[in-house]
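The values are calculated or read from the model by the stated rules, or taken from the named source; none is laboratory data. Fair warning: this is a prediction, and the values are worked out from it, not measured in the lab. Every residue, glycine as well, gets a Cβ built from its backbone with ideal geometry; the counts of neighbours run over all protein chains shown. Remember, those area values only see protein heavy atoms, side chains included, never the ligands or the DNA or RNA. Shrake-Rupley method; radii C 1.70, N 1.55, O 1.52, S 1.80 Å.
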Amino acid sequence: MASKSLLYPIQWHLGGYQEAATRTYGTMASEREDFSLSGPLHLTIVDWSNAHHRRSVAASLVQGVYILERDRQLKRQGPQALAPPWWEFFHFQLFRHLVDDVDSSIFGAIYEFKPPESHYHNSVDESPRYVIAFRGTITKPDSMSRDLELDIHILRNGLHETSRFETAIQAVRNVVATVGESNVWLAGHSLGAAMALLAGKTMAKTGIFLQTFLFNSPFFSAPIERIKDKRVKHGLRIASSVITAGLAFATKKSNQNSPSVDQFAALSAWIPYLFVNPGDHLCSEYVGYFEHRKKMDDIGIGAIERLATQNSLGGLLMSAMGRESEPVHLIPSANVIVNLTPCQDFREAHGIHQWWRPDLDIKSKLYMYK
């Protein structure tokens, strides 16, 4: 691993990167794409029963999708391609690219686990056969326009209506139908995490629960979690819950197309791994989203929060206008893993590289609601 005193040029936007002078763990931008310089080289043997190992491999496979697209854009082929080590190190093979039909960019990949016989041991039984991974936004000319368009679709609760998501969910359905749900993992970062989350929710609604790793998944709302005063923060959340629940009740009475409570409750048995950094305002609100529901239950007004948790103000507005809405970020259950390791800035807090660091200070909490 390179010295932390080095600089690398990078500027993050919703999981993608563009060259600009800044600082993080300590590698140059070109080096960040090189597995031998930036990857989790400490994982020479993967123990699939180890949560750190599973997280690191899943994050590396997502990084592999980023580098696949960068290889395509820069026409790096054969020995010049930098993507293959990101999966081959862990004995995965690239089974298939997932390509956007609008700009022909690679946004996802299906990996097949092919360990040598010498690596078979008890923990391999907990490994996936296939991992379907999705990258976030890359702010480069060949992909930026389409990626930013999809970011806007997330804001408008319309990611489910895009052709990229249709390609993704069809791939997920095909793999699951072929090998079974217990053999398939989903993973994604930022925009890619939103894709994986929506795919996981879609499958869960049919009773298929896939193990899912969501890194810095976007949660677009007022940044209440960043308020330091706990009383002010709690008061604002209560006010927001009351307003949202009231609008939800009024909207659902007049709009038969609104999602049913039963449909949301059906998702409670699906428990994705949700990786959050408090310094990343794009995903940090998940911490308050789950904690506030517990507090509302504790003070005896959980019914209000249960209704508020199932709705977003943007989604309610869309429903009132008679338009179908699917707020990606609303889920009843999750295993929330928070990275408490100090970070220098938003770019570092939002980056995918943090999730395979061996020295993370993390806390994990399981939330299960209906």
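Tabulated data for the structure shown
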| quantity | calculated |
| --- | --- |
| List PHE215, PHE346, PHE95, ordered by accessible area with a 1.4 Å probe, largest first | PHE95, PHE346, PHE215 |
| Listed pairs LYS75/LYS114; LYS140/LYS205; LYS205/LYS365 exceeding 31 Å between Cα atoms | LYS140/LYS205 |
| Theoretical gain in end-to-end length, TRP48 to ARG173 [0.36 nm per residue, Cα-Cα removed] | 42.6 nm |
| Sorted peptide list for 184-190, 352-358, 55-61, criterion being average Cβ within 10 angstrom, highest first | 184-190, 55-61, 352-358 |
| Rh (Kirkwood; distinct C-alpha pairs) - the range 36-187, Å | 16.3 Å |
| Highest to lowest packing among 32-38, 43-49, scored as the average C-beta count within 10 Å | 32-38, 43-49 |
| Full-stretch length increase - GLU291, GLN263 - with 0.36 nm per residue and alpha-carbon distance subtracted | 7.9 nm |
| Surface accessible to a 1.4 Å probe, ASP361 within the full protein complex, Å² | 80 Å² |
| Per-residue HN-Hα couplings for the range 202-217 [Karplus 6.51, -1.76, 1.60; θ = phi - 60°; Hz; x = Gly/Pro] | 4, 5, 4, 5, 9, x, 10, 10, 9, 5, 9, 10, 10, 9, 6, 5 |
| ³J(HN,Hα) computed for each position of the range 38-47 - Karplus, 6.51 cos²θ - 1.76 cosθ + 1.60, integer Hz, glycine/proline x | 10, x, x, 5, 6, 8, 5, 10, 8, 9 |
